[in-house]
Amino acid sequence: KHTIRINQQLQAIPNNDKNAKYKYKKEIIDSTKTKTSNRTITMSKPVEKILRHVKKLQAENKLKLSDKYYKDLDLVFPREDGYYTCDTTFRVFVNKRLEEAGIEHYKIHSFRHSCATSLFEEKIDIKKVSTWLGHSCIGITLDTYTHVLPQHLEEVVQAQNNRFERIFSSSEKDIPDEMLPHKEVSQQDDWGA
């Protein structure tokens, strides 16, 4: 198994050099947003295949550009010369691909939500999804993604229905009067009905 270690992030910081061409400069910082964002996740085969292809292309660019290639940065998805890919360039690329696929524009962070939603649809345990996403507690995952869970809650209701049917269809158990459909509800009950 191959894994990916997530423990750094690229951040745009103000450039204090008055002669600089750009207002911000990019810098890799050695910590992510939270402690649990630092994590190792297993890499899927398709991701490994893509990364091997990217590495091959980078090796070709290193040879072609020689000392004009930014080898010291050692980035996963750099420009052809090994330098940082501008976030606007990446957004333009993604938006073009979305348009080609006939999908409306979404923010890049939406892909993270799509990933989580598809994992829930595959019935992956919420704790595992939470760990995969790097959330510090399961509550964050639940607060963020409860809108995708209603159909799974319907499954819980059906499971409860099945359980009651198994319990009360046994000849050893009597169905409580309160659960019988023909029982008249008294006006003195606690339901206010």
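The values are calculated or read from the model by the stated rules, or taken from the named source; none is laboratory data. Because the structure is a prediction, the values reported are computed rather than measured. No Cβ is skipped: glycine too gets one built from the backbone with ideal geometry, and neighbour counts run over all protein chains shown. Please note that ligands, DNA and RNA were not included when accessible areas were found on the heavy atoms of the full protein model with its side chains. Shrake-Rupley method; radii C 1.70, N 1.55, O 1.52, S 1.80 Å.
A few remarks follow.
- The stretch 68-132, accessible area per residue, ligands and nucleic acids excluded (1.4 Å, Å²): 77 Å²
- Peptides 77-84, 39-46 ranked from most to least packed give 77-84, 39-46, packing being the mean of other C-beta atoms within 10 angstrom over each peptide's residues.
- Computed FRET value (nearest 0.05) for Lys49 with Val76, which takes r as the C-beta separation and R₀ as 22 Å: 0.95
- Highest mean packing first, where packing is the average number of other Cβ atoms within 10 Å per residue, the peptides 132-144, 99-111 line up as 132-144, 99-111.
- Distance violations [Cα-Cα > 32 Å] among Lys71/Lys96; Lys35/Lys71; Lys45/Lys127; Lys25/Lys45: Lys25/Lys45
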